[in-house]
Structures are given as structure tokens and as C-alpha cells.
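Working notes, structure below.
The values are calculated or read from the model by the stated rules, or taken from the named source; none is laboratory data. None of these values were measured; they are calculated from a predicted model. Cβ placement follows ideal geometry from the backbone for every residue including glycine, while neighbour counts extend to all protein chains displayed.
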Amino acid sequence: MAHRVFAIRLWPGLIAAALVAALSLGTLGVVALRAESFSTLSKFDWMAVRFTVVQALISAGLSVILAVPVARGLARRDFYGRRLLITLLGAPFILPTIVAILGLTAVFGKTGFVSIALNWAGLEPISIYGFHGVILAHVFFNLPLATRLLLQGWGAIPSERFRLAASLNFSPRDMFRHIEGPMLKEIMPGAFAVIFLICTTSFAVALTFGGGPKATTVELAIYEAFRYDFNLGKASLLALIQVVICAVAAFVSLKFRVPQVGGAGLDRPVQRFDVHKLSARGVDLFWIMMVSLFLLLPLLAIVLRGAYGVFDLPISVWSAALRSLVTALGSAALAIILSLSLSLSALRWRWLEGIGMTAIAASPLVMGTGLYIVLFAVADPADWALFITALVNAVMSLPFILRAIGPALATTERTYGRLSDSLGLMGWTRVRLVLWPRLRGPVGFSAGLAAALSMGDLGVIALFARPDSATLPLQIYRLMGSYRMDQAMGASLLLLGLSLALFYIFDLWGRRRA
Amino acid sequence: MLEFRNLRLTQGDFTLTADFQVPKGARVAVIGPSGAGKSTLLSLIGGFEAPDDGDILWRGKPFGLSAPFERPISHLFQDNTLFAHMTAAQNVGLGLRPSLRLSKSEQSAVSEALRAVGLEGLETRRPGALSGGQQSRVALARVLVQQKPLILLDEPFSALGPAMRHEMIDLAKEVSERLGATMLMVTHDVSDVDRFADLVIWVEGGTCQPPRPWAEMKADPPQGLLDYIGT
């Protein structure tokens, strides 16, 4: 048997794994113990289950299908601003949900200019609340993700295939049948499954745009059982149903290959020989324009309308911003400590990384419910609101962070493991002199990601917070609820600025050379 | 003296065996076809792999399962023999103190070693800003400061052109002479062997043959070597 020296102690990883398992699986156990029997579910609860699945299917389907022409356009065109647009496609990931929702309201809402234009044309304006709003928001968040996934598929097609196609004089149809179709067939199911999963656990969208018997998701029903009825037994039962939905979706997504969203292959357009026809140009131009407008207009609306309100924010917004900042920084620190410990020990025990990944199928609302039940027995959960938010956010960001840090760590060990072993670089010295400098990039990126995700979180905090101790996203939600839209827009601009700044500062720190 | 006593390692359907001694201070080339087990032999000596059976002894004492850094060995690996994020001086300094907390005298030892390999004034350069030959020189400077009695080189200069490779082999030879160290080098090129080796270990199909003088082996080559060279 091969003999490996383990240069670094393994127990921090085991502790981290135990903590993550307690949060993702342990809370599930608590919820299961507390749950009422299924007979207590009302007709409305089953409607919530149906709505959750149906809206996720439609959102994922639309996102993936619309992504095809957009990704193809981006793959075969080179134009000014192409790289910027592709970077922008990554932005919705760290964009606070509530900000996007306000932006979409400003564009598509009752007083938004799309409605004004429709009115002017004598058409019925679309309603942003309920079913349409949920789908619209989900497509807004996931069309960019789907586009990036498919774009990577295009980038991964060897350029020789396109040369071959040109020499064989393929028509666009042949091209699709022999080259693009097979690639899409491989990538689309995975992209669909991932987006479906995301759409079943996007609480903030359901909270703001959903509601009522026809547009309540299971997560929203959990929240309502909590907040309005304080019925922990029912909340727990709904949490179990949520877990089943997530687990099935996660299981299905494991069956498909999900390409990694990384930087590789996105920066160069594919050289192709069939792109000079006017019709093809027109089609690509149309789709690229549409997706740019769809992404940019809501953000632009926030900036324009928010700039007006940002100087006129009440003190409660500023103190909420401070609470959010503290939570975000704490969450980032926790996420980095957990992921580093896990990945270091996962070099020895691969399954540890699997535990870190369990959060991808977990719902923060379920975690929150479980934690609430446990804390409720010993303390006032509201006292722990910020800490729990930071912790749950850290665990939720682990799947993404582990994918950035794990491979970088494995590469470093593969590249420098023997050299380090032979020179006696062990323990803390190894971390300080070899691992840390090599991991600085991914760690900076990950810390930025975790901080931004936590900054924008509107999930667990909604369960736990007292009225006087809201975070910024929750405060914005409350401003929206009381129709103070100018203040909500101003606060959103502040939140957007803070989230992007956190991400940017950490990422920049990571990229700066030691 | 380096001794292989009934050494055996099985990986899948590949088995490596070695049972012989290498005299102290010898310069030994390890040659043989690809996949024959040359690098595995060096991994076993270095402690990156553990044998299933038998042991390796240095001056009569078995290595056992001691960790790589506990063995009296300096390494030059094929790739990544330097840390890309450290300066030349730091890369050399690791040979003295892995923590890099060097005393004044240790720092001057580092500068001295860099001067000895012809890199005076390049202390603060990182490997990326050095040529392939200069990178090899940094690695050899580290071997100098490590002052270990056994040096293992696993095709260390294979990325260099022939002239540069010969220059580096001469420098490696000089370093080993200066330290009075035993040196084992895996190589693919018979002209390298001509250049530095007293003895040759021929490895074929996992069997490591006892070292023989190169001149003698050239006069009476095993069939495998003839096939390998292609004459």
C-alpha cells in the first residue's frame, strides 16, 4: 500500500464536519421529532407543495431554454463589452435577492415603465405579484447561471470540430444535429436540475412576490406557520416535506454531470466559420440585447431611484446595515475556517467533503426551524438571531466554497506535497509557508462570496429577528411592506453597494500578490 | 553505504524488487525503460512510498517507516522542485530551516550557496522570473545548504536543452563532490550517464539490478539496455 505522511492534524476537519452534519442532518432530526402527523395538513398546504414544484419546473425550464440562444450568441460572437457581460452574468449570484426584487418591481411593477408602456399600447399590464412575479424573479436569477453553464459547454467543444464542420459545409441544422445538440443534451439536464433545486429553496422570492393560496411555497408556509400561528409542529412537518423535495431534486441532479462554473473557457469566443450570415447575426444580436436589458434595467432602476433616497435614510436602516455587516464578516470567517478544516482533512478522508456538500440540498428555513426548536428549549432564540444567521449562511455557502478551495488545496498538495514533506514543512509551518500563499486567491474569492451571500440573506433572519434588530435585507422588506418605496430603494442601493464592496475587497485581497 | 535488503513493493500487477548495496560517495545512474520502476525506487528511498517487505538501510540503520524529512536525503524532483511563490533565497533557506526564521549566519549561508551556483544578486527573484537553468541552480543551492549525505535526482533537468542539461549535471556532480554525498539520478539519456556516473542500476520490469560500473556494462550490455538504446 502507498504510504502517505499527513502533514497536518486532522481533528479540526472532523469537528467542522460534525458541526455541519449537526446543522444539516441534526436539525432535520429535531424537525422530524417535532413534526405533527400528515393528517393535520390542510388543502392549502398541499397547494403549497404543488406550487413549489410547478413554479420550480417552469422557472428552471424557462431559464435553461432561454439560455440556449443567449449562450450560443455569446459563444460565437466577439464584441465590445463581451467580457463585461459575461462577468455580469455571474453577478446575480451575489446580488441580494431583495435588491433584485425591488429592481424588478421598478421595471415590471404597477408603476414600472414596462407597465406604463403596455398601458400606453392599450394592453393589460402584467402583475408582478403571485405566480408571474415568482417566475420572473427566478428567471432573472437563473437565466444568467444557465447561460454561463451552457457557455462553458460551447467553450468545451474542440475547435477542430468547427473547422471540420466548415470543411464539410454543414448547414446550421447539421451543426446543431452533430455538434451543438449532443453537447446541449449532456449539459442541459444538469443545469435544469441545479436550477430546479435553487428555485425550491428561494424563500425571499416567495416571501416578497408570492403569498396567498395560489402562490405560497412550502418554505413560505413554514415561515407563516412560525410567524403567524407559532405552530412549531406544523412548521416542522412542512420542513420535512421541504426536505423531501430538496432531496429528490438533489438526487436527480447527481445523475447528471453539472459543469463547474469557473473562469476557464469563458474568455475567448469560439472561432467559427458559419457566423457571417446576416440572419445569424440578427438572431444573436437580438438575444444578447434582450438578456442585457433584462439584467441591467432592474439594477439601473435601483441605482437611479435609490440614489434619490440614499441620503434620506432613517437611522434604523443604518443600524440594520451595521448588523448586516457584522453578520456578513462573521459568516465569512466561519465559512473559511469550516471549509479549510474540511478540505484539509478531506485530503485523507474524501467523504468529509461530501458532508460539507450536504448543505446544497438543505433549506435554510429547515435549518432555522430545527435550530429554533432547540434554542427555544434553553434560551430566547431572538437573542441568537445574528449568530444563527451567520452560522447558517456559512454552512449554506460551503458547497460553493469547497468547490473553490478543495481543488486548489488538492493541486497544491499534488504539486508541492513531496517537496514539502522532504524539507520537513509540517503542521503550522506548512499552512503558513505553502498552503496559505497558494490558497490566497480561492480563499479571498470564497470569503467575498460568503460575505456577500450573508449580507443579502433574507431567510433565517426572518424567522429569528425581533422588530428592533433587523438586518438590512429584512429592514428593506419591512419598508416595502409599509409602501415606503423611496426609502426601500435607497436602502437597496446601500445593500447592493455593501455586498459588492465586500465581495470586491476580499477578492482583491486574494488576488494581490503576497 | 546505502543498502537495499530484500526490498519489495507491489502496486496492482507491478512488483518492484531490489536487493543490493550502493557504496558511499558513489555517483549512480538509474536507467531503464519507462514504467520499469525507476521513480518508484526513488520514492521508496525518499519515504514517499512504504515497501511491503524488506527495508532500506543507511549506514547499517533501517529507515523503517520514518518520514521523508527524517531521512538524510536531499531531493531534486522532475517538476515543482521550487515553490513558485517564494524567492530564490527563501527556496534555498527552506533547506536550513523549514520555518524560514533564519539567523544572520544562516542567511549568509544562503547567499553563499547562491553565489556558489552562480546566482549572486538574484536572491529576491521568484522562480517565474528565472530561466530553467537558473531554477535548477537554485535547487542545487538548496542541496548545498541541506548538507545531506544522500542526494536523489529524479530526471531533474529533463526540461532543459542538451547543452544546459550537461552544464547542470556537471554542477550537480560538483555539489555532490563538495558534500562527499552519495548521488542517485534517474535519467533517460545515455550521454548523461557518460557524463557523471561511476555506477549504473539497470531497472527493467520492476527488477532493480545491482549497480555495475558503467564502463563494464557498456562493454557487455544486457539485452534490455541494447533494446532501450536501440543499437
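Screening residue B:105 against (1) more than 11 Å from chain A (Cβ to nearest Cβ); (2) in contact (Cβ under 8 Å) with a residue 12 or more places away in the chain leaves a single unmet condition, (2).
Please give the number of the condition residue A:377 fails out of (1) surrounded by 15 or more Cβ atoms within 10 Å (Cβ to Cβ); (2) modelled with pLDDT under 85. Only one criterion is unmet by residue A:377, namely (1). Which of the residues that make up segment A:300-319 are among the aliphatic types (A, V, I, L, M), surrounded by 19 or more Cβ atoms within 10 Å (Cβ to Cβ) and within 10 Å of residue A:103 (Cβ to Cβ)? If the condition is that a residue be among the aliphatic types (A, V, I, L, M), surrounded by 19 or more Cβ atoms within 10 Å (Cβ to Cβ) and within 10 Å of residue A:103 (Cβ to Cβ), then A:301, A:302 are the ones that fit. Looking only at segment A:46-56, decide whether some residue is at pLDDT below 80 and either more than 14 Å from chain B (Cβ to nearest Cβ) or more than 20 Å from residue A:368 (Cβ to Cβ) (or both). No - not one qualifying residue is present in segment A:46-56. When the residues of segment B:110-129 are filtered to those that are crowded, with 18+ Cβ neighbours inside 10 Å and under 22 Å from the mean Cα position of the chain (by Cα), the one that is nearest to residue A:416 (Cα to Cα) is B:127. Residue-level analysis places residue B:160 outside the set of residues that are within 19 Å of residue B:80 (Cα to Cα), hydrophobic (A, V, I, L, M, F, W, C), assigned to a strand (DSSP E or B) and under 19 Å from the mean Cα position of the chain (by Cα). Within segment A:487-514, the set of residues being surrounded by fewer than 16 Cβ atoms within 10 Å (Cβ to Cβ) and not hydroxyl-bearing (Ser, Thr, Tyr) comprises A:497, A:501, A:505, A:508, A:509, A:511, A:512, A:513, A:514. Which residue out of A:29, A:61 is under 25 Å from the mean Cα position of the chain (by Cα), surrounded by fewer than 19 Cβ atoms within 10 Å (Cβ to Cβ) and away from chain B (no Cβ under 14 Å)? Residue meeting the stated conditions: A:61. Comparison of B:140, B:114, B:122 shows that the only residue that is away from chain A (no Cβ under 14 Å), over 27 Å from residue B:38 (Cα atoms), in a helix (DSSP H, G or I) and not basic (Lys, Arg) is B:114. If you go through segment A:221-265 and keep only what is of a type in the set (Ser, Thr, Tyr), under 21 Å from the mean Cα position of the chain (by Cα) and at pLDDT 80 or above, you end up with just A:223. If you filter segment B:59-80 down to residues that are surrounded by 19 or more Cβ atoms within 10 Å (Cβ to Cβ) and hydrophobic (A, V, I, L, M, F, W, C), you find that the one that is farthest from the other protein chains (Cβ to nearest Cβ) is B:63.
For residue B:121, the conditions (1) touching a residue at least 40 places away in the same chain (Cβ under 8 Å); (2) farther than 23 Å from residue B:25 by Cβ all hold with the exception of (1).
Within segment A:77-89, the presence of a residue that is modelled with pLDDT of 85 or more and of a type in the set (Gly, Ala, Ser) is excluded. Based on what the data block shows, is residue A:456 within 29 Å of residue A:226 (Cβ to Cβ) and surrounded by fewer than 23 Cβ atoms within 10 Å (Cβ to Cβ)? No; evaluated as a whole, the condition is false for this residue. On the given criteria, is residue A:386 over 30 Å from residue A:35 (Cα atoms), in a helix (DSSP H, G or I) and assigned by TED's automatic domain parsing to the domain that holds residue A:456? No; evaluated as a whole, the condition is false for this residue.
Within the option set B:42, B:9, being in contact (Cβ under 8 Å) with a residue 60 or more places away in the chain, surrounded by 19 or more Cβ atoms within 10 Å (Cβ to Cβ), of a type in the set (A, V, I, L, M) and in contact with a strand residue (DSSP E or B) (Cβ under 6 Å, 6 or more places away or on another chain) holds for one residue only, B:42. Which of (1) more than 10 Å from chain A (Cβ to nearest Cβ); (2) buried (at least 19 other Cβ atoms within 10 Å of the Cβ); (3) of a type in the set (S, T, N, Q) is the odd one out, the single condition residue B:15 does not satisfy? Unmet for residue B:15, out of (1) more than 10 Å from chain A (Cβ to nearest Cβ); (2) buried (at least 19 other Cβ atoms within 10 Å of the Cβ); (3) of a type in the set (S, T, N, Q): (2). Taking segment A:122-188 and the helices (runs of 4 or more DSSP H) fully enclosed by it, the elements with 1 or more residues that are surrounded by fewer than 16 Cβ atoms within 10 Å (Cβ to Cβ) and in contact (Cβ under 8 Å) with a residue 12 or more places away in the chain are at A:159-167, A:172-175.
For segment A:443-458, check the following and say yes or no: at least one residue is assigned to a helix (DSSP H, G or I), touching a residue at least 24 places away in the same chain (Cβ under 8 Å) and over 25 Å from residue A:99 (Cα atoms). The answer is yes, given that some residue of segment A:443-458 is assigned to a helix (DSSP H, G or I), touching a residue at least 24 places away in the same chain (Cβ under 8 Å) and over 25 Å from residue A:99 (Cα atoms). The number of residues in segment A:302-344 that are in a helix (DSSP H, G or I), more than 26 Å from the chain's Cα centre (by Cα) and in contact (Cβ under 8 Å) with a residue 24 or more places away in the chain comes to 7.
Only residues that are surrounded by fewer than 19 Cβ atoms within 10 Å (Cβ to Cβ) and under 16 Å from residue A:296 (Cβ atoms) were counted across segment A:64-84, and they come to 6. When residue B:47 is tested against (1) free of Cβ contacts under 8 Å to residues at least 12 places away in the same chain; (2) within 11 Å of another protein chain (Cβ to nearest Cβ), just one condition goes unmet, and that condition is (1). Among the residues of segment A:425-436, the ones that are crowded, with 19+ Cβ neighbours inside 10 Å and either more than 8 Å from every other protein chain (Cβ to nearest Cβ) or not hydrophobic (A, V, I, L, M, F, W, C) (or both) come to 3 in all. Entry remark, segment A:51-93: residues being without any contact (Cβ under 8 Å) to a residue 40 or more places away in the chain and in a helix (DSSP H, G or I) number 4 in total. The set of residues in segment A:133-183 being over 23 Å from residue A:400 (Cβ atoms) and modelled with pLDDT of 90 or more consists of A:134, A:135, A:136.
Restricting attention to segment A:271-291, does a residue exist that is modelled with pLDDT of 90 or more, among the aromatic types (Phe, Trp, Tyr), more than 22 Å from residue A:454 (Cα to Cα) and not in a strand (DSSP E or B)? Checked segment A:271-291: at least one residue is modelled with pLDDT of 90 or more, among the aromatic types (Phe, Trp, Tyr), more than 22 Å from residue A:454 (Cα to Cα) and not in a strand (DSSP E or B).
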